[in-house]
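> First the structure, then my questions, so here it is.
The values are calculated or read from the model by the stated rules, or taken from the named source; none is laboratory data. This structure is a prediction, so every number in the text was calculated from the model and none was measured. Don't worry about glycine lacking a Cβ; one is built from the backbone with ideal geometry, like all the others, and counts go over all protein chains shown. For accessibility, only protein heavy atoms count, side chains too; no ligands or nucleic acids. Shrake-Rupley method; radii C 1.70, N 1.55, O 1.52, S 1.80 Å.
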Amino acid sequence: MRQTKTYTTASPKIFKEALLSWSQQFDEVVWLDSNQHTNSYSSFDTLLAVDGLTALTTDCTNAFENLKEYQLQTKDWIFGYLSYDLKNDVEPLSSNNFDGLKFPDLYFFQPKKIIQIIDDEIRFVYLNMVADEIETDFSEISNFQSSSTKAATTKSKAHIKMRIFKDEYFRQVEKMLSHIRKGDIYEANFCQEFYMEDCFIDPIDIYKKLNEISKAPFASYVKLFDKFLLCASPERYLKKIGTKIISQPIKGTASRSTDKEKDILLKKELETNEKERSENIMIVDLVRNDLSKSALKGSVRVEDLCKVYSFDQVHQMISTISSEVAQDMEAVDLLKDTFPMGSMTGAPKISAMKIIEELESFKRGLYSGAVGYFTPDSDFDFNVVIRSILYNQTNKYLSYGVGSAITEKSIPTNEYEECLLKAKAMRQVLEE
């Protein structure tokens, strides 16, 4: 059982900054930040979970069944992630590419302490065993002074490497185009890895810089002992509210411009770009098919098709698809029916995933997986892990992946440039 206590603050922004720094004393941290992006499906400004009472960590074997059992037995808030390689639990697939990060395929924990920020309201939701610490924690956060020093934020000089070089990227894209021409697939998301070896960074400092650049609506910071995710994701994977399921895939990217008129033109060009719309519509069809596996008959509908949203770094084309499910539908089964998300795989999904594994040079792991939470009522919300830096502190290995959707109309040079555009924010914060 949990106790809830609510406070108000005149300075939510200052409290939020202090809260993130305060959280670093714990080994298990999930920080979810909307960066004040709001829509009809928004739930909070910021949500923090720390200090696990129980946890589940596993490889892909029977991962979804293990998660279902854990979620049903806990009957509480649980926070964590699903890695892309849980595809191997959903379908008879494998992941044999290079893995420098060595993250578990799945990790969830039941936090002792949850703190929500909604406007100027601070809500503490603590397990009874630590409820007597609420007032002390509120006071400590309100008066928090970071103890970090210049030395603590020192990082290695960035020597960012590419797992494949430009010529190899073009060769692999041409192979994917060959599969498309033969009718094996219609579309697939092809990704490449940028990485650093023997490196030291201050994860919280890098996350703050990345978040400041991007201000993404599904930003997250995850610390699980020595493993870190620094995520500036603009994309929701799947949300459950009662019996309603919402997916908001992104396909279609354009750069921003500081020139207002040019920026408006770039946005309009994206809205009418035949290739980008085609990519998006293909994934909408895939998501509709995934949702229909568990949806009540006739309930799957497209609420928004190819709507363009503007973020600090890029314009993005986003569609919103929803469905209704039976009251007794298990939450984890809804995730399993749709995982991995269509925007990071392709169509048909299984064929695309097989070709992705064959042509890519690295194990995606948490990249293009999902971070989020379940509530005690079995509602959930998960993002898509893109525009993200992953870091294994013990192994001193850092990685970020970027990709683009390959269709029959793809021009390899343009796809390569799109990858560099998506990688820009991660490279910038590492090279500063």
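> Principal axis lengths of the stretch 80-179 from Cα atoms, whole Å, largest first?
Here the spans come out as 62, 41, 28 Å, largest first.
> Please give the net charge around Tyr126, taking every other residue with its beta carbon less than 11 angstrom from that of Tyr126, where Lys and Arg add +1 and Asp and Glu add -1.
0
> To test your reading of the geometry: what angle, between 0 and 90 degrees and rounded to tens, separates the Cα axis of helix 63-74 from the longest principal axis of the chain?
Approximately 20 degrees, to the nearest ten.
> Follow-up. If I histogram all Cα-Cα distances within the stretch 280-329 using bins 10 Å wide from 0, what percent of pairs lands in each bin?
25, 43, 23, 9, 0
> Around Ala295, with a cut-off of 11 angstrom between Cβ atoms, what is the net charge of the other residues, counting Lys and Arg +1 and Asp and Glu -1?
Every neighbour counted, the sum reads +2.
> Label points 7 Å out from Cα along the Cβ direction at Glu358 and Asp59: separation in nm?
Taking the simple label geometry, Glu358 and Asp59 are separated by 2.5 nm.
> Compute the Kirkwood hydrodynamic radius of the stretch 1-42, taking the inverse of the mean of 1/r over all pairs of distinct Cα atoms, and give it in Å to one decimal.
12.9 Å
> I've got another one for you. Scattering from the C-alpha atoms of the chain alone, worked out with Debye: what is log10 I(q)/I(0) at q = 0.10, 0.13 1/Å?
Log-scaled intensity ratios, in q order: -0.67, -1.19.
> Still on this structure, I have one more. Highest mean first, what order results for 389-401, 197-209 on Cβ atoms within 10 Å?
Result, highest mean first: 389-401, 197-209.
> While we're on this one: How many percent of all Cα-Cα pairs in the stretch 157-201 sit more than 12 Å apart?
Value for the stretch 157-201: 68 percent of Cα pairs lie more than 12 Å apart.
> Suppose the Debye formula is applied to equal point scatterers at every Cα of the stretch 360-432; what is log10 I(q)/I(0) at q = 0.11 Å⁻¹?
-0.40
> So, one more: Note down, for the stretch 231-275, the three equivalent ellipsoid semi-axes (square root of 5 times each alpha carbon gyration tensor eigenvalue), biggest first, whole angstrom.
Working through the eigenvalues yields semi-axes of 29, 13, 9 Å.
> With bins 5 Å wide starting at 0, give me the P(r) of the stretch 2-154 over every alpha carbon pair, in whole percents.
In order of increasing distance, the bins hold 2, 8, 15, 17, 16, 14, 13, 8, 5, 2, 0 percent.
> Out of the total accessible area of the chain (probe 1.4 Å, heavy atoms of protein only), what percent is carbon and sulfur?
Result for the chain: 48 percent of the exposed heavy-atom area is carbon or sulfur.
> For the ranges 157-169, 241-253, 177-189, what's the packing order if you count other beta-carbon atoms within 10 Å of each residue, average per peptide, and put the highest first?
241-253, 177-189, 157-169
> A follow-up question, please. Setting aside same-chain residues fewer than 8 positions from Lys13, which lysines have a Cα under 25 Å from its Cα?
Counting by Cα, and skipping residues close in sequence, Lys13 has these lysines nearby: Lys5, Lys112, Lys113, Lys150, Lys208, Lys209, Lys215, Lys223.
> Moving to a separate point now. Please compute the alpha carbon radius of gyration of the stretch 168-323, then divide it by the globular-protein estimate 2.2 N^0.38 Å. Two decimals is fine.
1.23
> Another one. Which of Ser319, Ser410, Ser139 ends up with the largest GNM mean-square fluctuation for the chain, with Cα atoms connected below 10 Å?
Comparing Ser319, Ser410, Ser139 in a Gaussian network model of the chain, the most mobile one is Ser139.
> Give me the accessible area per residue for the chain, probe 1.4 Å, as a whole number in Å².
With the other protein chains kept in place, the chain gives 42 Å² per residue.
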